[in-house]
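**Q** Okay, here's the structure, questions in a sec.
The values are calculated or read from the model by the stated rules, or taken from the named source; none is laboratory data. Note that the structure is a prediction, hence the values are computed from the model and not measured. We place every Cβ from the backbone using ideal geometry, glycine too, and count neighbours over all the protein chains shown.
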There are 2 protein chains.
Amino acid sequence: MNNVIIGQSGGPTAAINASVAGAYVKAKELGANKVFGMIHGIEGLLQGEFIDLDKYLSDPTNVELLKRTPASVLGTCRYKLPEASVDNSVYKQIFEILDKYNIDSFFYIGGNDSMDTIMKLSDYSSSHGYDKQFIGIPKTIDNDLPITDHCPGFGSSAKYIATSVKELIRDNQASDPRNPAIVIVEIMGRNAGWLAAAASLCTSDDCSGPDAIYLPEIPFDMDDFMNYAKELSKGHKPALIVISEGIKLADGRYVCELNGNVETDTFGHKQMSAASRVLADKLTNELGLRTRTVELSTLQRSAAHTSSLTDVKEAYQCGVQAVIAANEKKTGKMVIMKRMMENTADYPYICVYDTYDIHAIANFEKKVPVEWITDNKRGLTQSFEHYARPLICGEVMPIMSGGLPRHLIIPEAL
Amino acid sequence: MNNVIIGQSGGPTAAINASVAGAYVKAKELGANKVFGMIHGIEGLLQGEFIDLDKYLSDPTNVELLKRTPASVLGTCRYKLPEASVDNSVYKQIFEILDKYNIDSFFYIGGNDSMDTIMKLSDYSSSHGYDKQFIGIPKTIDNDLPITDHCPGFGSSAKYIATSVKELIRDNQASDPRNPAIVIVEIMGRNAGWLAAAASLCTSDDCSGPDAIYLPEIPFDMDDFMNYAKELSKGHKPALIVISEGIKLADGRYVCELNGNVETDTFGHKQMSAASRVLADKLTNELGLRTRTVELSTLQRSAAHTSSLTDVKEAYQCGVQAVIAANEKKTGKMVIMKRMMENTADYPYICVYDTYDIHAIANFEKKVPVEWITDNKRGLTQSFEHYARPLICGEVMPIMSGGLPRHLIIPEAL
């Protein structure tokens, strides 16, 4: 195997670095002389910013540390390649670098936009007679890539969310019953509600679970929400409601846009309220209810201290499989995961790997099936649990020092 | 030992239930026939709501589970006893219950307000010739009780905060360097900045740490803050700033009150912005900087999934020591912890237990010493690290099931 290069792109996850680890280890095993890492993805590559990963990963302890390090260790970027037919100068530049450094295989770890990059580079490569391989490695907490059963990064975020929501419910239920609050927890997911749905996994005999979960897959019914909250408050019990940040009314307006006095800063940027804040304000102003909002914010994509072992192993293996595919001269593919059994009988959970044509993946997104949403539109059916439960199972022990998890740092990326 | 009763009061913590476990186990060992638990503290007791803890804790596995369960398992309350000289009816009611159930020892786990309860009950008991013991067990994430070196609950919150801030810094530093953000993390602490200070513990060779930490112990200088943020933005590097929710200007106004358009709801409640939001808005509107705010909210007091072993052990031992003190006929005391060595040489860390007159503790609060704040007012000196580091060390393995930590539930408290 000739030299290879790996890059990370888009939003970070808790497991994204495990894919770098897997690709590095497998490429070395298959005889790659150099395994390069792009600093801040393709934007860094275009500036000539990439490093020899031997510098950090030839020590196996560092490989273990990397699996436990959240957020793109090589740095990320958000860069969309122009169409080669419109502007091919960037393509020429990239292929000059690849040729100069004898790089035959190019791996990009990311979500929808990153797969667009793999598709365009692979198409350019094929149409210009290059013998190079471009393989995508899936990664997104949003779990919205099509074809693959699920995406590395989702399981760890889902585990963090279900754990945190369970703890928030404990906290809220312990409070003074003479003054109960409705807590609204806001979770990432603009168009796909996979992460908000994951909050349902905390429901069990030791936790009543969220009182409602609202996903962006179906229109948000404000009247129903207000009536339900009123109903909840009649019981004088603390309650907790989970929402996706991207919930929308039937007329298409985002709930987060509903606050009357949206301010505009001096640069013309809208200062949007969080959707949770909009709903909490309505409950307080119109029903006089005590509320609290919790936004899990970027915590939910960086909480490697409670990663899912299943997720980290799969992220690692996706890196391994990408290298195997390139070694078999495949190109224009993304690694996908397939579940071996039907959702209704998926214990024990078994996942196998394959690759799939990137053209069917790039720029498409997969949503939570509406038939997995309960009839009252406020919860998830057991089909969701069958799907998601195995993905959050198993724990990765962090490597602790001074009471805190250790991380691997690549100073060139800082 | 006759029958005893235990209650929990004030804000929950990740370690508060370990004190229940310790008191229960020790009281049983010393021959107590019944160990009762008040449901929702003294408010529940006044309604006759208390249970025999044997029902849940006679199984040692449940005792282990209880140590790992966040938030007051018995439920909490916020109730201030009237002065007995003004209204002694509540006192009569309480002592009737204690007499009826042959309860000689009364343990209350809580912070400042809860110690006020212990003080008043103990004073009433002594002045009315009762032979009963009232002992306080310290608990507060705020770490602001005087006399004791530190408070159970603080170490676990501090560990969660330092871990989360470290992960947030990783996340932010991985982002696209062409579009860096200043992240403002808001941490609990109205008057005492112990928890915000704990964010400094993530600074090490694998983490640059927060770029600034602002505590409520010293006036917040808005001009200095804005100039510093401007300075940070010149480096085109992502930055992260930590603030206590309670930071105030020199004129006494809370930063969270500074947003011009404070709205008032139909019940006349002020809808205050978070201090982090006020500062982020200023940075965006006046300097054009990209910002993000993260409020750790109630997550920071309920995150038992990453408890400090030191903290949980100490919380347990405070429960044990309270029972020992009552058995020795002490009353009107709180259990305190003493560090055996000077702060400058406190490795290995050794902590011993004692009790102290509740009159010197109730209603007083302890702040971060200003000499532990750096001269630039934006950080903590090494004295703080020497003090706080041992308190976050060691991990408690949660008992996992289905990918999530198990909790002990006492249905009577729900």
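**Q** Within region B:297-414, which helices (runs of 4 or more DSSP H) (wholly inside it) include 3 or more residues that are crowded, with 16+ Cβ neighbours inside 10 Å and facing another protein chain (nearest Cβ under 8 Å)?
**A** Values: elements: B:299-302, B:309-327, B:382-388.
Passing ranges, in order: B:299-302.
**Q** Another question about this same structure. Every residue in region A:145-198 that is surrounded by fewer than 24 Cβ atoms within 10 Å (Cβ to Cβ) and touching a Phe, Trp or Tyr at 6+ places or on another chain (Cβ under 7 Å), please.
**A** Result: A:Pro146, A:Ile147.
**Q** I'm trying to understand the selection: among the residues of region B:105-138, which are part of a helix (DSSP H, G or I), farther than 13 Å from B:Ala362 by Cα and not small (Gly, Ala, Ser)? Step through it out loud before you land on a result.
**A** First, the residues of region B:105-138 that are part of a helix (DSSP H, G or I): B:112-127.
Still in the running and farther than 13 Å from B:Ala362 by Cα: B:124-127.
Hit for region B:105-138 is B:Tyr124, nothing else.
**Q** When you go through A:Asp354, A:Asp375 one by one, which is the residue that is farther than 25 Å from B:Pro405 by Cβ and outside the structural domain of A:Met38 (by TED's automatic domain parsing)?
**A** A:Asp375 is the lone residue from the list that is farther than 25 Å from B:Pro405 by Cβ and outside the structural domain of A:Met38 (by TED's automatic domain parsing).
**Q** Filter region B:47-67 down to residues that are closer than 24 Å to B:His305 by Cα and of a type in the set (D, E, K, R) and give me whichever is surrounded by the fewest Cβ atoms within 10 Å (Cβ to Cβ).
**A** Across region B:47-67, the extreme among qualifying residues is B:Asp59.
**Q** Can you tell me which residue among B:Phe134, B:Phe225, B:Phe154 is modelled with pLDDT of 95 or more and touching a strand residue (DSSP E or B) at 6+ places or on another chain (Cβ under 6 Å)?
**A** On the way: B:Phe225 fails: touching a strand residue (DSSP E or B) at 6+ places or on another chain (Cβ under 6 Å); B:Phe154 fails: touching a strand residue (DSSP E or B) at 6+ places or on another chain (Cβ under 6 Å).
None of the other options fit; the residue is B:Phe134.
**Q** On to the next question. Report yes if some residue within region A:198-208 is under 30 Å from B:Glu43 (Cα atoms), without any contact (Cβ under 8 Å) to a residue 40 or more places away in the chain and not in a loop (DSSP other than H, G, I, E, B); otherwise report no.
**A** Yes, region A:198-208 contains at least one residue that is under 30 Å from B:Glu43 (Cα atoms), without any contact (Cβ under 8 Å) to a residue 40 or more places away in the chain and not in a loop (DSSP other than H, G, I, E, B).
**Q** Considering only region A:229-239, I want to know if a residue exists there that is under 11 Å from A:Val165 (Cβ atoms) and crowded, with 23+ Cβ neighbours inside 10 Å. Let's see the steps before the verdict.
**A** From region A:229-239, those under 11 Å from A:Val165 (Cβ atoms) are none; that's our starting set.
Looking through region A:229-239, none of the residues is under 11 Å from A:Val165 (Cβ atoms) and crowded, with 23+ Cβ neighbours inside 10 Å.
**Q** When you look at A:Gly332, is it over 20 Å from A:Ala199 (Cβ atoms) and in contact (Cβ under 8 Å) with a residue 40 or more places away in the chain, yes or no? If you could, list the steps in order and put the result at the bottom.
**A** Values: over 20 Å from A:Ala199 (Cβ atoms): yes; in contact (Cβ under 8 Å) with a residue 40 or more places away in the chain: yes.
Criteria met by A:Gly332.
**Q** Is it true that A:Val20 is in contact with a helix residue (DSSP H, G or I) (Cβ under 8 Å, 6 or more places away or on another chain), at pLDDT 95 or above and assigned to a strand (DSSP E or B)?
**A** Working: in contact with a helix residue (DSSP H, G or I) (Cβ under 8 Å, 6 or more places away or on another chain): yes; at pLDDT 95 or above: yes; assigned to a strand (DSSP E or B): no.
No; evaluated as a whole, the condition is false for this residue.
**Q** Could I ask something else about it? Can you tell me how many residues in region A:147-177 are farther than 12 Å from A:Ala199 by Cβ, more than 7 Å from chain B (Cβ to nearest Cβ) and in contact with a helix residue (DSSP H, G or I) (Cβ under 7 Å, 6 or more places away or on another chain)?
**A** 7
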